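Asker: I have a structure here, written as structure tokens, and I will follow up with some questions on it.
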Amino acid sequence: MMSQGAMGLSGLLLAPTVLPAGSAFEYALKGQELIQKQDYHRAVAVLARAIKLDPTSDWAYGLLGRALRELGRSAEAVGAFRQAVRLNPGDTYSRMMIDIMTQKPLAGPRRKTKVDAREEQSARREAQAMAQKLNADAGLGYRVNRVVIDAGHGGFDSGAVGLNGLQEKSVTLDLARRLHQTLERQGRVRSFLTRTGDYYVPLSERTVIANQYRADLFISIHINANKNRRAHGSETYYCSAKASSKEAARVAALENSALSYDEKRQRKQGYIDIEQILTTFGQKLNWQESGKFAVGFQDRFKTELPIKSRGIHSANFFVLRKAKMPAILLEAGFISNPGEEALLHQAGFRAKIVDAIARGIA
Ligand SMILES: [Zn+2]
């Protein structure tokens with residue numbers, strides 16, 4: 001199985017495809033969107049095109065591996081992942097996938113194997129290198145060039161819903177799109193979206209996307225909710241092992257609630273949590289750095305939004321914890337508060353939120 005890994009790839013690249021013209025990057029981006037929409041057949045065609053245009057794109061190979069794997073074309077998928085690792089030895093995700101796909105499915109509790117030990121060692125090395133890089137960046141002053149914007153929830157996961165029926169998932173998507181447009185127009189920072197439509201992306205997948213884009217900031221956009229309809233205002237969160245307050249723990253539980261679905265899905269796929277190892281080193285440095293970013297963003301919310309500032313908090317947010325870059329989660333008001341739900345309906349208020357976030361990035 002392992003030696004046949006690369007077979008089939010060349011044939012695949014020659015497959016005739018009728019597609020509009022575009023750059024390799026655009027095709028890869030389209031491929032990623034199709035994977036998120038679970039349209040794996042079209043994703044394979046688009047990604048093959050991306051690779052034809054740029055055979056050095058480890059990103060496109062990694063995505064191709066994911067699409068092929070979903071189609072059950074395991075040998076070809078392993079071939080694509082191997083190519084991704086050849087082009088970029090630092091591609092932990094593809095290495096993890098090769099590992100998962102070339103060993104027997106795990107049954108019962110996880111046991112340590114030789115492969116695990118080797119993987120653990122290389123993950124450690126990578127984490128150390130990452131920590132060094134972060135320290136170097138901190139010395140020079142962190143500059144954001146690429147930001148990944150995550151619209152919270154989506155698809156079956158509507159997020160919180162207001163009394164008048166406004167859904168968190170649609171507000172976050174609109175805010176994310178507007179922010180993307182604003183940043184593109186300003187031209188100082190490149191931005192990417194974890195979802196561009198009303199579909200669900202697993203929480204862990206969202207940071208995998210950020211890591212693949214090599215973003216230097218990850219922003220997850222959410223709208224808060226509380227049984228107490230009087231609760232109102234904006235908050236900024238970053239990741240920490242322990243919640244900074246009971247309320248922070250409650251918000252994290254709310255935002256992590258799709259997790260039970262994700263975990264079931266991962267168990268079915270025989271996932272090994274190698275990335276968990278990474279948490280011990282570099283991640284914690286990222287978390288500290290995220291705290292500094294959180295201060296800046298909440299300052300903008302405080303001065304630019306006509307709602308109360310509830311300050312900065314930290315808790316264990318699953319969507320943030322695996323990011324290899326500073327990552328924050330914004331709660332831009334309470335959808336459960338009728339006054340703020342009405343505000344969130346308004347284009348003018350949404351524009352204010354977007355401007356505040358854009359200035360926070362700058
Ligand atoms: Zn949310």
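A short reminder: the numbers here are calculations on the coordinates, not readings from a lab. Just so we're clear, the structure is a prediction, and the values are computed from it rather than from any experiment. Cβ atoms come from the backbone with ideal geometry, glycine included; neighbour counts cover every protein chain shown.
Asker: Could you sort the peptides 186-192, 311-317, 80-86, 338-344 by per-residue average Cβ neighbour count (10 Å cutoff), highest mean leading? If you can, show how the numbers build up before the last one.
Answerer: Values: 186-192: 15.1, 311-317: 21.0, 80-86: 23.9, 338-344: 19.1.
The most tightly packed comes first, giving 80-86, 311-317, 338-344, 186-192.
Asker: Then there's this: What pairs from K227/K322; K169/K322; K37/K242; K302/K322 go past 32 Å between their alpha carbons? Mind showing how you got there, number by number?
Answerer: Numbers: K227/K322 30 Å; K169/K322 22 Å; K37/K242 34 Å; K302/K322 28 Å.
Too far apart for the 32 Å limit: K37/K242.
Asker: By counting other Cβ atoms within 10 Å of each Cβ, how are L193, L329, L163 ranked from fewest to most? It would help to have the intermediate numbers written out before the result.
Answerer: Details: L193 21, L329 28, L163 11.
So the residues, fewest neighbours to most, are L163, L193, L329.
Asker: Using per-residue counts of other Cβ atoms within 10 Å, averaged over each peptide, order 209-216, 239-246 from highest down. Please list the in-between numbers first.
Answerer: Values: 209-216: 21.1, 239-246: 15.5.
Output ranking for 209-216, 239-246: 209-216, 239-246.
Asker: Would you order T194, T236 from fewest to most other beta-carbon atoms within 10 Å of each residue's own beta-carbon?
Answerer: Exposure proxy ranking, most exposed first: T194, T236.
Asker: When K284, K30 are ordered from fewest to most other Cβ atoms inside 10 Å of their Cβ, what list results? Before the final figure, lay out the partial values.
Answerer: Details: K284 15, K30 20.
Placing the least packed residue first, the sequence is K284, K30.
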